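The values are calculated or read from the model by the stated rules, or taken from the named source; none is laboratory data. Remember, predicted model here, so these are calculated numbers, not experimental data. Heads up, the Cβs are rebuilt from the backbone with ideal geometry, glycines too, and the neighbour counts pull from every protein chain shown. These area figures cover heavy atoms from the full protein model, side chains too; ligands, DNA and RNA do not enter into them. Shrake-Rupley method; radii C 1.70, N 1.55, O 1.52, S 1.80 Å.
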Amino acid sequence: MLLETAVSFFLLVGAFFTLVGAIGLARLPDFYMRLHGPTKATTLGVGGTLTASMIYFTAVEGTSLHELLITLFLFVTAPVSANLLARAALRLKLRSRAPLPEASGAGRD
Amino acid sequence: MLVFAITVSFGAVGLALLLAAWRLVRGPDLPDRILALDTLYISAVALIVLAGIAWRTQVYFEAALLIALMGFVGTVALALYVARGDVMH
Amino acid sequence: MMRRWLPHPVTSCVLLVAWLLLNRSADAGHVLLGALLAVAIPLAVRRFFHRPVRLRRPRAAVRLALVVLWDIVRANVNVARLVLGPPARLRPVFVEVPLDVEHPIAVALLASIVTMTPGTVSCDPSTDRRRILVHALDVDDPDRLAREIKSRYERPLQEIFAC
């Protein structure tokens, strides 16, 4: 019973943050702001779902920790792709509500 | 309660996929579309894990892991292509 | 001897654990095969690491990891609030944060941490590694943000990497 509650809790938290990330992607006004939604919320969202899976399968089938691999992988890769995308956007000089920095080394390599 | 949570989560993640797909179609710029793809595959991982819980099976775990890996490589390749004009250097 | 065969003990441990998790078993056979890979892979990629990583303060590293984990959760609640609220009220800014850390891995870690925590995404670790460009979703005082990043994440990193 307690276990079921924990699994349900993590599932709902995970689904909520996944949805929030996607909503951010869909409705924020410029690219740099849209970048925030998926990189943070979606990563934690999937993390929540994976935690639920970990608890559930540990209870049903005995230790199940391999979900940890996906979680860690996502946490390591999310900043990298966000960073590269931001760099690409700066290179293309996408319009932004925050004033773009002048003398940055954007895209210069 | 678990069935309820799983159903609600399916709905939320499905909606997230639709929103990401909308952004993918809508654009307006290349980085937006890449970001939408990125969101799409991360949500797909969540969907697969959810399906695994719903059907009480772990056979889809490798699929989720592979999607995460391939999605990351794809995002990096596309972002580098846009930022630099080539992928390797 | 130790240095020669295990140039990156931490990497080796991570590889072994990842191998065991992937195979979902801790049988002797898998441990042996995993250990072989954990020794072979760091040796094979040794030449890609120019400056060795030495963790000086494991305690500080653990503390930083906990702070970051907590901040990730806080950041998400925060971003959820901002995303669901009216977008017209957000005040996004670009902030340049000058860096004191030098080690390339420390800079990369700092950029990743900034991306995962409250309302900020690091955009462009400049090629000279002297500053990073941070985009924040909703900020009233950019200078305070820069100070907070420096004191909360950079100081511990500096201690850990001793540079």
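Derived scalar couplings between HN and Hα for region C:85-94 equal x, x, x, 5, 7, 6, 10, x, 9, 9 Hz in order, rounded to whole Hz, by the Karplus curve 6.51 cos²θ - 1.76 cosθ + 1.60 (θ = phi - 60°), x for Gly and Pro.
Rounded to the nearest 10 square angstrom, C:THR117 shows an accessible area of 0 square angstrom against a 1.4 Å probe.
On chain A, 68 percent of the accessible area sits on carbon and sulfur atoms, based on a 1.4 Å probe. The label-point distance for A:VAL60 and C:ALA26, in a model that sets each label 7 Å from Cα toward Cβ, rounds to 2.4 nm.
For C:ARG131, the residues 5 or more places off, or on other chains, whose built amide H falls under 5 Å of its own are C:LEU99, C:SER126. 3J(HN,Hα) along region B:7-16: 4, 4, 5, 4, x, 5, 5, x, 4, 4 Hz, from the Karplus curve 6.51 cos²θ - 1.76 cosθ + 1.60 with θ = phi - 60°, whole Hz, x for Gly and Pro.
Overall, the anisotropy analysis places region C:2-48 in the prolate class: the square-rooted eigenvalues a ≥ b ≥ c of its C-alpha gyration tensor yield a/c not less than 1.5, with a/b exceeding b/c. Both chains summed, the buried accessible area for C and A stands near 3200 Å², from protein heavy atoms and a 1.4 Å probe. For C:ALA40 and A:VAL76, the FRET efficiency from 1/(1 + (r/R0)^6), where r spans their Cβ atoms and R0 equals 22 Å, is about 0.50.
Remark: region C:59-67, residue by residue, has Karplus-estimated 3J(HN,Hα) of 4, 5, 5, 4, 5, 4, 4, 5, 4 Hz, where x stands for each Gly or Pro and the curve is 6.51 cos²θ - 1.76 cosθ + 1.60 at θ = phi - 60°. Comparing mean-square fluctuations of A:ALA52, A:ALA86, A:ALA26 from a GNM of chain A with C-alpha springs under 10 Å, the top value falls on A:ALA26.
In the context of the full set of protein chains, chain B has a per residue accessible area of 49 Å² (1.4 Å probe). Atom-type composition of the exposed protein surface of chain B places 76 percent of the accessible area on carbon and sulfur (1.4 angstrom probe). Using the Cβ-Cβ distance between C:ASP143 and B:ARG26 with R0 = 51 Å, the FRET efficiency computed as 1/(1 + (r/R0)^6) comes to roughly 0.90.
Determine the shape class of the protein assembly as shown: with a ≥ b ≥ c the square roots of the Cα gyration tensor eigenvalues, call it rounded for a/c under 1.5, and otherwise prolate if a/b is greater than b/c, oblate otherwise. Oblate. Accessible surface for C:VAL107 stands near 10 Å², nearest 10, in the context of the full protein assembly shown (1.4 Å probe). One decimal place: the segment C:ARG47-C:ILE105 gains 19.3 nm when fully extended, by the rule 0.36 nm per residue minus the C-alpha distance. Distance between the pseudo-spin-label points of B:THR57 and C:VAL10 (7 Å out from Cα toward the beta carbon): 4.0 nm.
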